[in-house]
Amino acid sequence: MRACGKSERGIAPLVMIIAVVILGFIFLMTLKGRELVHMTRGVVTANQLRQFQDDILKYEAQYRALPGDDLRAPGVWGRANSVYVVNGVAVSFAGDQRISGILSDYANATGEQFDAWRDLRSAGLLDGDINLVGQSAMPDNLFGGQFGFAEDNLGLKNVICATRIPGDAALKIDQRLDDGRIDTGSVRATSRWDPIDAKNHFDAPDEAPYDPLKTYIICVPQRV
């Protein structure tokens with residue numbers, strides 16, 4: 001009986017060690033699996049950004065205007081004019097050769113940055129409901145964020161941005177489309193998030209390298 005007791009006392013710590021090792025292995029595999037998912041989704045997101053760039057070029061070639069900025073779009077597609085409320089007055093910037101508006105300016109639901117998605121859908125270049133307006137018109141990305149247009153952001157002019165991108169995926173997108181550096185080149189990013197006061201518009205990108213534990217807004221030029 002005593003010998004059996006000693007044996008059981010010897011086995012218990014061994015079982016605990018094995019259990020810890022197994023749990024550690026499962027945890028590492030979970031992390032690796034998440035990293036692989038992020039990498040795969042990052043590649044897809046990079047390809048989507050490239051496709052949007054191509055869609056803009058196709059629209060411009062066919063209609064001699066940019067989506068959202070197209071003076072003829074209200075008549076051709078049957079939507080309202082793109083306007084912004086400035087000091088209580090509705091103002092239009094249509095025809096100035098840029099997709100005007102700030103990334104997350106949700107109060108101006110009829111801005112060009114939102115109507116651009118409607119025009120691309122109406123032209124058959126993008127799937128989705130042509131009647132969606134404002135923020136709801138922005139396509140969703142694979143990370144629970146959205147794609148959006150802006151006249152400028154992070155030191156770049158005329159951009160398409162993707163929001164809520166995990167750091168490892170954002171790095172993959174930057175490496176695939178540019179130089180892999182967060183604050184240089186044609187792809188830039190920030191981990192800041194302020195859709196209310198800043199409307200997610202920031203003058204410059206982050207300086208610190210991409211962090212896998214953070215999520216980012218990543219922006220690229222609308223045309224290449």
Study note, to complete from the structure: Scanning the range 144-164 for residues that are within 13 Å of VAL187 (Cα to Cα) and not aliphatic (A, V, I, L, M), the one surrounded by the most Cβ atoms within 10 Å (Cβ to Cβ) turns out to be CYS161
Check your understanding: Restricting attention to the range 115-172, and to residues there that are among the aromatic types (Phe, Trp, Tyr) and touching an Asp or Glu at 6+ places or on another chain (Cβ under 9 Å), which single residue is nearest to ALA46 (Cα to Cα)?
Key -> PHE147
Practice item. Just name the residue that is farthest from ALA162 (Cα to Cα) out of those in the range 182-224 that are under 13 Å from the mean Cα position of the chain (by Cα) and among the aromatic types (Phe, Trp, Tyr). Key: TRP193
Review point. Looking at the range 66-85, which of its residues are surrounded by fewer than 18 Cβ atoms within 10 Å (Cβ to Cβ) and either part of a strand (DSSP E or B) or among the small types (Gly, Ala, Ser) (or both)?
Key: GLY75, GLY78, ALA80, VAL85
Check your understanding: Taking the condition surrounded by fewer than 10 Cβ atoms within 10 Å (Cβ to Cβ), modelled with pLDDT of 80 or more and either of a type in the set (Val, Ile, Thr) or out of contact with any Cys (no Cβ under 9 Å at 6 or more places or on another chain) (or both), does ALA46 pass?
Key -> no
Point to revise | Unique residue being out of contact with any strand residue (DSSP E or B) (no Cβ under 6 Å at 6 or more places or on another chain) and either at pLDDT 95 or above or surrounded by fewer than 17 Cβ atoms within 10 Å (Cβ to Cβ) (or both) when the list is GLY111, GLY88 | key: GLY88
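The values are calculated or read from the model by the stated rules, or taken from the named source; none is laboratory data. Remember, it's a predicted structure, so these values are computed and weren't measured experimentally. All Cβ positions, even for glycine, are placed from backbone atoms using ideal geometry, and neighbour counts span all protein chains on display.
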